[in-house]
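Visitor: Below is a structure I'd like to ask you about.
The values are calculated or read from the model by the stated rules, or taken from the named source; none is laboratory data. Because the structure is predicted, anything quoted here is derived from the model rather than measured. FYI the Cβ positions are ideal-geometry reconstructions off the backbone, even for glycines, and counts take in every protein chain you see.
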C-alpha cells in the first residue's frame, strides 16, 4: 500500500457522506502555530503515530485507527447481541 495523497477538498472516510477539512485561520502565523499544535495533540491520541510524521502519513494513520475502532465497535455489538446484554 503506497502513500495516499489527500485531495484539496478534504479527507474522505469510506462510508461517510461528510468530508473532514483542515482549516487555517486568516492570520497565517497564528493559524499555522494553532494548526501545528492541534496536529501534535491529535498525533498524541493516535497510537502508533510517530513524532515527525508528515501530514499525509498522519492522516493515513488516523484513517487506519478509525477503521480499527469501527471494527472493535462492530465486534462488541455482535458479542452484546449474542449474550443478550
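Visitor: Between residues in segment 61-85 that are modelled with pLDDT under 90 and residues that are not in a helix (DSSP H, G or I), which pairs lie under 8 Å by C-beta distance while being six or more apart or on different chains?
Guide: Qualifying pairs under 8 Å: 61/46; 61/48; 61/49; 61/53; 62/46; 62/49.
Visitor: From the list 2, 52, 9, exactly one residue is in a loop (DSSP other than H, G, I, E, B) and either touching a strand residue (DSSP E or B) at 6+ places or on another chain (Cβ under 8 Å) or at pLDDT 85 or above (or both). Which is it?
Guide: 9
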